[in-house]
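These notes concern the structure reproduced below.
No lab work stands behind these numbers, since they all come straight from the coordinates. Since we're looking at a predicted model, the values are computed, not measured. In this analysis, Cβ positions are derived from the backbone assuming ideal geometry, glycine residues included, and neighbour counts consider all displayed protein chains.
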Amino acid sequence: MPAIALASDHAGFALKAILADELRAAGHSIIDLGPDSEASVDYPDYGRALGEAVAQGRAARGIAICGSGIGISIAVNRIAGARCALVTSGLMARLARQHNDANCIALGSRIIGIEVARDCVAEFLRTEFEAGRHAGRVAKLA
């Protein structure tokens, strides 16, 4: 299985740790880009690292987590080749893949609980890009 990159800030650290453990247990290869504790850090640094890992092909998909999901999603999207969708439901994660070919998702640890996060990740990982009428639109994002 291709690698999945995970990154967070201090607010997302606990959720990142849970998801990383669960993904490893499911057989996924994980690239944990940090941080390694709940000590205060700056989300742009970790969002950039995640976006670069996906854009450079070191990871097939990325999961970014901060308190709201907003800041880190903006940071990821500053990297050419990274397409990060802030999602708050499995439906949003599925549509981000189907229609937007999102290769990263952002989760807000203060917004959603663990069960919703699990659903978002599951939908994100199992859903393929539909291409077709969406392909031209996604190409314009490059």
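Taking (1) within 20 Å of Ala96 (Cβ to Cβ); (2) surrounded by fewer than 23 Cβ atoms within 10 Å (Cβ to Cβ) in turn, Ala59 satisfies each apart from (2).
Residues Ala93, Ala102, Ala117, Ala82: which one is closer than 17 Å to Ala20 by Cβ and either in contact with a helix residue (DSSP H, G or I) (Cβ under 9 Å, 6 or more places away or on another chain) or surrounded by fewer than 17 Cβ atoms within 10 Å (Cβ to Cβ) (or both)?
Details: Ala93 fails: closer than 17 Å to Ala20 by Cβ; Ala102 fails: closer than 17 Å to Ala20 by Cβ; Ala82 fails: closer than 17 Å to Ala20 by Cβ.
Going through Ala93, Ala102, Ala117, Ala82 in turn, the sole match is Ala117.
Highlighted here are the strands (runs of 3 or more DSSP E) found entirely within the stretch 36-139 that include at least 2 residues which are without any contact (Cβ under 8 Å) to a residue 40 or more places away in the chain and under 20 Å from Ala3 (Cβ atoms): 84-86.
Of all residues in the stretch 36-51, count the ones that are under 18 Å from Ile70 (Cα atoms) and either of a type outside the set (Val, Ile, Thr) or surrounded by 22 or more Cβ atoms within 10 Å (Cβ to Cβ) (or both).
Here the count works out to 11.
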